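Structure record follows, encoded as structure tokens.
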Amino acid sequence: MALSPDMEKALETYIDLDFLDPLSSPRQKKDGNFYSTYLAELKPEYMYLAPDSGSVILKEISSQQAKIYEKLSQTWNPYVEAVFGVFQVSGQYMAINEFIQKPSYLVYASRKLAEKRNLSLEDYISEYGCLSEREAIIFLIQLCHGLETLASLSFVHGDVAPQNILLTNRTMIAPEPYGYIDGIHQKLTCKLIDFDITNKVKNQNHMVTVVAGTNPYAAPEILDYKNPTDRVDIYSLGCVLSFLLTGKSPKQIEPCELRSKCRKRIRK
């Protein structure tokens, strides 16, 4: 789905279209249409709040997703990708999201990471190794704060997984109650991204019709086509905690290996 002339005209007021950069090939969604994601630059006159940070993400979305993104644009959480708004032009919908820049203080020895625009939790653990229990729990608390905001809107994220959690420089806007504890959380913060399968909390009788989510981190009810409630995100969060400590989901690790990696209290 290429940008229509009407969408380009609507965006050019705010966006410098000369610097529009596709981030990936168009992806086909379940409605049969193809959608693209772009990195874009705001025009200087709209950068007065952050003159050195004018990058945004433009994401083509379906009309159904637009309802989710519009609600997300009405709230803000330091641990969730910010949605600034949604454009609707000639039947096309475009979400304008925060560009989450990779941390500036890390040394990127590998060419792969040096060339990437952002850094996922999966990238970090692969490159720098697992976290200590204290660091992992603090990141877990950050993610809980993020999911709390989604839950306040009666949303289920549905795909909480290491590749959907980005790391960036810690913002001074968000209070850091654990500053007295040594760890990377003093420099980094995590942000939950990708609301492509985010949806309203379903009741206990709702049946899933499409398998969604990243399998090693997806709750059984997602994979078994039944009863997807807000608890699916909590299940996935537990899998992410295992990944922070071991580099693997509990579905990919033997119990004895997990026991050797963390204390009983953390496992519990």
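The values are calculated or read from the model by the stated rules, or taken from the named source; none is laboratory data. Quick caveat, the model's predicted, so the values are computed rather than measured. Cβ atoms come from the backbone with ideal geometry, glycine included; neighbour counts cover every protein chain shown. What goes into the accessible areas is simple: the full protein's heavy atoms, side chains included, and nothing from ligands, DNA or RNA. Shrake-Rupley method; radii C 1.70, N 1.55, O 1.52, S 1.80 Å.
Brief remarks on what is shown
- Residues that are more than 21 Å from residue 9 (Cα to Cα) and either open to solvent by 40 Å² or more (accessible area, probe 1.4 Å) or in a strand (DSSP E or B) (or both) within region 91-111 comprise 98, 99, 101, 104, 105, 107, 108, 109, 111, listed in sequence order.
- Residues that are out of contact with any His (no Cβ under 9 Å at 6 or more places or on another chain), modelled with pLDDT under 90 and not in a helix (DSSP H, G or I) within region 221-247 comprise 224, 225, 230, listed in sequence order.
- Of all residues in region 112-127, those satisfying the criterion of being under 14 Å from residue 190 (Cβ atoms) and either open to solvent by 40 Å² or more (accessible area, probe 1.4 Å) or aliphatic (A, V, I, L, M) (or both) are 118, 119, 121, 122, 125.
- Pair list, Cβ < 8 Å and 6+ apart or interchain, from region 177-202 residues that are open to solvent by less than 20 Å² (accessible area, probe 1.4 Å) to residues that are among the basic types (Lys, Arg) and assigned to a loop (DSSP other than H, G, I, E, B): 185/170; 188/170; 189/170
- Looking across region 229-261, the residues that are more than 29 Å from residue 151 (Cα to Cα) and surrounded by 15 or more Cβ atoms within 10 Å (Cβ to Cβ) come down to 253, 258, 261.
- Residue match in region 71-90 (condition: touching a residue at least 24 places away in the same chain (Cβ under 8 Å), in a loop (DSSP other than H, G, I, E, B) and on the phi > 0 side of the Ramachandran plot): yes
- Just one of the numbered conditions (1) open to solvent by less than 70 Å² (accessible area, probe 1.4 Å); (2) assigned to a loop (DSSP other than H, G, I, E, B) is not true of residue 53: (1).
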